[in-house]
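Undergrad: Just dropping this structure here.
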Amino acid sequence: MKFKKICVLGLGYIGLPTAATFATHGLQVLGVDINPEVIETLRNGGIPVHEPGLRGVVEQALQSGNLSVSTEPAEADAFLIAVPTPFLQDKLGRHNDQSYKLADMRYVTSATEAILPLLRKGNLVVLESTSPPRTTVDLIAPILERSGLKAGVDFHLCYSPERVLPGQILRELIENARVIGGLTPGSAEAGADLYALFVKGEIVQTDATTAEMVKLMENTYRDINVAIANEFSRLAERFGVDVWEAINLANRHPRVKILNPGPGVGGHCVSVDPWFFVEAAPELTPLILQARQVNDAQPGFVVEKVRQALGELKGRRIAALGLAYKPDVDDLRESPATQVIRLLMDQGAQVRAFEPFKPEAGLEGIDSVPSLELALESADALLLLVDHTQFRDLDPDVIAGKTSARVAIDTVNSWKIDTWKRAGFKLVRFGANKTQILNQKSKIINRKS
């Protein structure tokens, strides 16, 4: 199938890189976002999201004339839906006295309805937004068929999930394997033709519901593995063990790869996608639900660690370093760091947060300052919540000269105890409560006969 013009609905972390990449590979692309500020930012030469290399690709696409942006879609050969699928804020599901989060599909529904009057025979529609199983079949197809056209017969319909890592989106869009789930084999073939314009990785065709499940399985697998690491960190605290040392030793087993614990799980994938399985089949997902509950509870364990380090939290001034959900990105969606800060504030702590990738974070109720110096000013303690390179490389001797705080709490195993101790700090690490005889450290001895 040949394509000349495509319309990408949603210009966020996935939609904008996708639109720009198609444009730099020769297609005419209309990027659509209902937020006028996003469109104005792009027209004025800015970009609404931080991603390494994205500014240059977007500028190239715009300057070539292949990429244009608007708040309204227009006729095209193919339509890509890449809008958010957050949670409903005012409603939970329940099963056997257990509550679970529900997907808010209103953005997907609205984007699909916006395509409806533009749909023509032979068009391709692709849903990229992460969605509960059977969304393509049970939600998208019926809406589009209100046009009088039949999905899979008169127009092609696919689900093709993004599978990229923030910080490496542009490379992984091109190099990663791509799963194309078609409503029919012909739809899958049409989707494969479109993505083959730039994807160098393997393109695998399947049905739409399998593709939806693949995306959810990938992130649910990761979430469950993070949950066991987080439970190991709690056990280590209980038994007087350094969980980081224990994980390092356990991972020397050839068939063991334990992930790292931390303040929780965030982002719009791993912390969200498992709930779609629970929502779709709560009676079949007790393990998935438990893993979500473990990871969602992790910020509370961080707050308890801070309380142990400082005693009474009320009135204590804390410099919180990092608001993003993972290192070296500006993505604050579902970030456990923000949850930790709110919990500390609920207990009376005075928290100043600094996020180097989004200095003007503008989060409601959180005092986010534009510089590290302002965060450190008058602080009683430092709380490292995100393993940003900038924070990992901090010189404690320099920091000691900028703050009167002499307590530092590291939730991501980034700072070296000896270095911070020499600078006069008491360094408390999450998941580390080693009280063994002589504070014994493990040694690796290679014996050769």
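Undergrad: Over 22 Å between C-alpha atoms is what I'm after, so list which of Lys2/Lys121; Lys257/Lys305; Lys305/Lys416; Lys305/Lys426; Lys314/Lys421 land there. Working shown, then result.
TA: Values: Lys2/Lys121 14 Å; Lys257/Lys305 26 Å; Lys305/Lys416 18 Å; Lys305/Lys426 13 Å; Lys314/Lys421 26 Å.
In this structure, Lys257/Lys305; Lys314/Lys421 exceed 22 Å between Cα atoms.
Undergrad: Of Pro52, Pro274, Pro327, which has the largest mean-square fluctuation in a 10 Å C-alpha GNM of the chain?
TA: Most flexible of the set in this elastic network: Pro52.
Undergrad: Going from the alpha-carbon gyration tensor of the stretch 298-448, what semi-axes, largest first and in whole Å, does one get by taking the root of 5 times each eigenvalue? If you can, show how the numbers build up before the last one.
TA: Values: eigenvalues 140, 59, 52 Å².
Gyration-tensor ellipsoid for the stretch 298-448: 26, 17, 16 Å.
Undergrad: Hey, another quick one. What is the diffusion coefficient of the stretch 289-350 in µm²/s, taking the Kirkwood radius over Cα pairs and the Stokes-Einstein relation at 10 °C with a viscosity of 1.306 mPa s?
TA: Numbers: Rh = 12.4 Å.
For the chosen part, D equals 128 µm²/s.
Undergrad: For a quick size check, give me the Cα extents of the chain along its three principal axes, largest first, whole Å.
TA: Cα spread of the chain along its principal axes, largest to smallest: 75, 56, 48 Å.
Undergrad: Work through the residues other than Leu173 whose Cβ is under 13 Å from its Cβ and net out their charges, Lys, Arg +1 and Asp, Glu -1.
TA: Working: positive: Arg163, Arg171, Arg178, Lys200; negative: Glu51, Glu128, Glu162, Glu172, Glu175.
Net of charged neighbours comes to -1.
Undergrad: Next question. Report the charge-dipole magnitude of the stretch 28-145 in Debye, nearest 20, computed about the Cα centre from +1 at each Lys and Arg Cβ and -1 at each Asp and Glu Cβ. All intermediate terms of the calculation are to be shown ahead of the outcome.
TA: On the way: 9 positive and 15 negative charges, 45 e Å.
My answer is approximately 220 debye.
Undergrad: Assigning unit charges at the beta carbon (Lys, Arg +1; Asp, Glu -1) and nothing else, what dipole magnitude in debye, to the nearest 20, does the stretch 100-246 show about its Cα centre? Before the final figure, lay out the partial values.
TA: Numbers: 15 positive and 20 negative charges, 80 e Å.
Computed charge dipole of the stretch 100-246: roughly 380 debye.
Undergrad: Also: Taking the chain as a Gaussian network, where each spring joins two C-alpha atoms under 10 Å apart, which residue of Glu75, Glu212, Glu364 fluctuates the most?
TA: So, out of Glu75, Glu212, Glu364, the one fluctuating most is Glu364.
Undergrad: How high is the relative contact order of the chain? Use alpha-carbon pairs under 8 Å, at least six apart in sequence, and give a whole percent.
TA: Values: 912 pairs, mean separation 51.1, N = 449.
Relative contact order of the chain: 11 percent.
Undergrad: On to the next question. In nm, to one decimal, how far is the Lys426 label point from the Leu259 one, both placed 7 Å along Cα→Cβ?
TA: Spacing of the two 7 Å Cα→Cβ label points: 3.3 nm.
Undergrad: For Ala74 and Gln293, calculate 0.36 nm times their separation in residues minus their Cα-Cα distance, and state this gained length in nm to one decimal. Don't skip to the end; give the middle numbers.
TA: Details: separation 219, 0.36 × 219 = 78.84 nm, distance 4.27 nm.
Taking Ala74 through Gln293 to full extension adds about 74.6 nm, to one decimal.
Undergrad: Can you give the extra length, in nm with one decimal, that the chain gains between Arg342 and Ala250 once fully stretched, where that is 0.36 nm per residue apart less the Cα-Cα distance?
TA: Numbers: separation 92, 0.36 × 92 = 33.12 nm, distance 3.42 nm.
Residue separation times 0.36 nm, minus the Cα-Cα distance, leaves 29.7 nm.
Undergrad: Rg and Dmax of the stretch 184-270, using alpha carbons, in Å: what are they?
TA: Final numbers for Rg and Dmax: 19.3, 59 Å.
Undergrad: Now for a different question. Along Cα→Cβ, 7 Å out, is where each label goes; now give me the distance between the ones at Thr389 and Lys416 in nm to one decimal.
TA: Going by the 7 Å Cα→Cβ label model, 1.9 nm.
Undergrad: For the stretch 226-292, report the % of Cα-Cα distances exceeding 20 Å. Don't jump to the answer; show the numbers that get you there.
TA: Values: 908 of 2211 pairs.
When all Cα pairs of the stretch 226-292 are counted, 41 percent exceed 20 Å.
Undergrad: What does the charge add up to near Gly15, with Lys and Arg as +1, Asp and Glu as -1, over the other residues with Cβ less than 11 Å from its Cβ? Before the final figure, lay out each step's value.
TA: Working: positive: none; negative: Asp33, Glu128, Glu162.
Summing Lys/Arg as +1 and Asp/Glu as -1 gives -3.
Undergrad: Give the shape of the stretch 201-331 as rounded, prolate or oblate, defined through the alpha-carbon gyration tensor: a ≥ b ≥ c are the square roots of its eigenvalues, a/c under 1.5 means rounded, and otherwise the shape is prolate if a/b is larger than b/c and oblate if not. Display every interim value, and only then the final one.
TA: Values: a/c = 1.98, a/b = 1.62, b/c = 1.22.
Cα axes put the stretch 201-331 in the prolate bin.
Undergrad: Give the relative contact order (percent, whole number) for the stretch 65-193; include only Cα pairs under 8 Å separated by 6+ residues. Mind showing how you got there, number by number?
TA: Working: 192 pairs, mean separation 28.3, N = 129.
Over the stretch 65-193, the number comes to 22 percent.
Undergrad: So, one more: Taking 0.36 nm per intervening residue step and subtracting the Cα-Cα distance, what contour gain separates Met217 from Glu377 on full extension? Don't skip to the answer; put the middle values down first.
TA: Details: separation 160, 0.36 × 160 = 57.60 nm, distance 4.44 nm.
Result: 53.2 nm gained on full extension.
The numbers here are math on the coordinates, done by the rules we state, and not lab data. Nothing here was measured: the structure is a model prediction, and the numbers come from that model. Backbone-built Cβ (ideal geometry, glycine too); neighbour counts: all protein chains shown.
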